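The values are calculated or read from the model by the stated rules, or taken from the named source; none is laboratory data. Fair warning: this is a prediction, and the values are worked out from it, not measured in the lab. So basically every Cβ, Gly included, is an ideal-geometry build from the backbone, and we count neighbours across all protein chains shown. SASA here: full protein model, heavy atoms, side chains in, ligands and nucleic acids out. Shrake-Rupley method; radii C 1.70, N 1.55, O 1.52, S 1.80 Å.
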Amino acid sequence: MNALANRRFLKMNGLGNQITVLDLRGTKHRVSEAEARAIASEPRARFDQLMVLHDAVTPGTDAFVRIYNTDGSEAGACGNGTRCVAWAMTADPQMGDSTRSSLALQTKAGLLPAVRNSETVFTVDMGAPRLGWEEIPLAEPFEDTSGFELQIGPIDDPILHTPCAVNMGNPHAVFFVEDPYAYNLEQIGPLLENHPIFPDRANIELAAVKAPDHIVLRVWERGAGITQACGSGACAALVAAVRRELSARKAVVSLPGGDLTIEWRESDGHVLMTGPVAFEWEGTLDPALFTSAA
């Protein structure tokens, strides 16, 4: 029988970003792309991101978290998902320890410390953004990634152009626009996500700076599509706006699912993300899901 059969999961959301949390601590099993897609196909377990807890690999950390998109590909970071994991590890009777108010979570993108501010609000230190073209990565060298040559649409009247590139654990391309809702992101998103300039694909953001402390944002997530919220995307949008001298270093980022408070801390260059989570239900994975998963 597959190691994931009958395994308990938590269904949560961070501002409507659908998150499934799966605890594999104490096992050696690693979720395959096919298994992640199988879990995503189950209506009660369906996710934008699947957060899988593994035993800590570095002393002083509480867990290693692998993150999967709907298409089975792995992501380096997920801010909304990390807040959901922090809730699970401090509040869920089986996964958590209610005496804890802070955690050190490790991902492919690095260390993500999380602090509980209240019962459902958490702050995650998303680390310092990576801004060099080779760190994002881009397929070609650009000295200044705050506005690099990329456009979609007619060359003399592009629909979108000159994004800012930021890596917040995942590659992001932030386009500044007047109204993020005026664009057909469902059509534009996959074209830009898979543009040859992004060898690892990219998350695509449409951002409108309404005030120095307020940004309105829509996101097409790499491997997941349009989502109600994206924590790393909100962080990338704030960093991009600061780099373009469009906003302050701390702002509310409004996504379709709600608001996040993002701060690009000047003292150490780290980006802090604060926002809520919501528990929806728990369930167990049907063994039949994995009959054809390699």
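Need one number: convex hull volume per residue for the range 159-294, Cα atoms only, in Å³.
Output value, Cα hull per residue: 154 Å³.
A probe of 1.4 angstrom, applied to the heavy atoms of all protein chains, finds Phe198 with accessible area near 10 square angstrom.
Which residues among the range 213-243 fall inside the zone where the amide N is under 11 Å from a point 7 Å beyond the Cα of Ala182, along Cα→Cβ? So the set is empty, nothing qualifies. Taken along its principal axes, the alpha carbon cloud of the range 1-156 reaches lengths of 57, 34, 29 Å, longest axis first.
If you count Lys pairs in the chain whose Cα atoms are under 29 Å apart, skipping same-chain pairs closer than 8 places in sequence, the total is 5. If one puts a single equal scatterer on every Cα of the range 154-201 and applies the Debye formula without solvent, what log₁₀ I(q)/I(0) results at q = 0.17, 0.22, 0.31 Å⁻¹? Ignoring solvent entirely, the Cα scatterers give -0.56, -0.94, -1.39. For the chain, the convex hull spanned by the alpha carbon atoms encloses 132 Å³ per residue.
Mind ranking Val115, Val121, Val166 by accessible surface for me, highest first, 1.4 Å probe? Can you show the working numbers first?
Working: Val115 70, Val121 45, Val166 0 Å².
The ordering from most to least exposed comes out as Val115, Val121, Val166.
For the range 1-84, what does the alpha-carbon gyration tensor say about shape, rounded, prolate or oblate, given a ≥ b ≥ c as the root eigenvalues, a/c under 1.5 as rounded, and a/b over b/c as prolate? Oblate.
Ser41 sits with roughly 80 Å² accessible to a 1.4 Å probe, with DNA, RNA and ligands left out of the calculation. Each residue of the range 212-228 was assigned a 3J(HN,Hα) from its phi angle through the Karplus curve 6.51 cos²θ - 1.76 cosθ + 1.60 (θ = phi - 60°); the sequence is x, 10, 8, 10, 9, 9, 10, 9, 9, 8, 4, x, 9, x, 5, 10, 5 Hz, with glycine and proline shown as x.
Calculated [222 nm] ellipticity per residue, helices only, for the chain: -4500 deg cm²/dmol; basis is -39500 (n - 2.57) per DSSP H run with n ≥ 4, divided by all residues, nearest 500. In this Cβ point-charge picture (+1 for Lys and Arg, -1 for Asp and Glu), the range 236-294 has a dipole of about 380 debye about its Cα centre.
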